[in-house]
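Only one structure is covered here, and it is reproduced in the block below.
The values are calculated or read from the model by the stated rules, or taken from the named source; none is laboratory data. Bear in mind the structure is a predicted one, so any value in this text is a computation, not a measurement. Note that each Cβ is placed from the backbone with ideal geometry, even for glycine, and that neighbours are counted across all protein chains shown.
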Amino acid sequence: MATVSEPTLEANKAIVRRFVQEVLVGGSVAAVDELVADDFVPHTWPSDPNGKAALKAAIERVAAGLSDVTMTIDDLVAEGDEVVARLTASATQVGPFMGLQPSGKSYAIGEIHIFRIERGRIVEHWHQADMLGIMRQLGALPAPAKAPGGDAASSKT
């Protein structure tokens with residue numbers, strides 16, 4: 001990986017901050033055009049020959065299914081052409097979301113996003129989220145059973 005100057009690392013972090021706030025929280029597909037390269041490659045969902053169009057469609061689906069979206073960046077680390085964001089995401093499900101009917105329930109989970117940036121635009125993105133946590137909090141899966149005298153994590157074998 002090539003050495004990248006501090007101003008460039010800070011510029012890359014600023015792009016990621018804008019992406020999180022304007023695209024992921026704000027649902028702005030117009031910001032996608034500004035921040036994301038035309039040859040964008042998503043690594044989170046199955047490959048699509050037009051990754052940028054698929055990203056816009058995903059943003060619109062999420063915006064239709066969730067309200068009160070917040071994302072707090074807990075850590076933001078840049079090295080080379082990559083920026084990693086660890087964040088806490090929360091929202092309320094108000095419409096169909098991930099195959100679930102509207103529940104009116106809220107969730108709060110941890111997420112990790114990795115962005116690769118070239119010439120001031122996001123060219124690749126990886127995303128890991130606590131999907132089990134979302135499903136439990138939205139009521140699609142039961143919470144783990146409690147052990148007698150404590151929680152499931154503290155049971156002794």
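Points worth noting:
- Per-region count, the range 34-62, residues assigned to a helix (DSSP H, G or I) and modelled with pLDDT of 95 or more: 2
- Whether a residue is part of a helix (DSSP H, G or I), without any contact (Cβ under 8 Å) to a residue 60 or more places away in the chain and under 21 Å from Trp126 (Cβ atoms) was assessed, and Ile15 does not pass this test.
- Only residues that are assigned to a helix (DSSP H, G or I) and closer than 17 Å to Glu111 by Cβ were counted across the range 19-33, and they come to 7.
- Subset of the range 127-157 (residues that are part of a loop (DSSP other than H, G, I, E, B), at pLDDT below 85, of a type outside the set (Asp, Glu) and out of contact with any helix residue (DSSP H, G or I) (no Cβ under 7 Å at 6 or more places or on another chain)): Pro148, Gly149, Gly150, Ser155, Lys156, Thr157
- Of all residues in the range 18-48 being aromatic (Phe, Trp, Tyr) and either over 15 Å from Ile114 (Cα atoms) or touching a residue at least 40 places away in the same chain (Cβ under 8 Å) (or both), the one that is surrounded by the fewest Cβ atoms within 10 Å (Cβ to Cβ): Phe40
- Among the candidates Gln137, Gln93, Gln101, the residue that is touching a residue at least 40 places away in the same chain (Cβ under 8 Å) and farther than 30 Å from Glu10 by Cα is uniquely Gln93.
- Selection count, the range 100-151, where residues are in contact with a Lys or Arg (Cβ under 6 Å, 6 or more places away or on another chain) and closer than 22 Å to Ala58 by Cβ: 4
- Tally, over the range 88-102, of residues that are surrounded by fewer than 16 Cβ atoms within 10 Å (Cβ to Cβ) and not β-branched (Val, Ile, Thr): 7
- Against the conditions (1) in contact (Cβ under 8 Å) with a residue 24 or more places away in the chain; (2) within 26 Å of Val29 (Cβ to Cβ); (3) surrounded by 17 or more Cβ atoms within 10 Å (Cβ to Cβ), Gly51 satisfies every one except (1).
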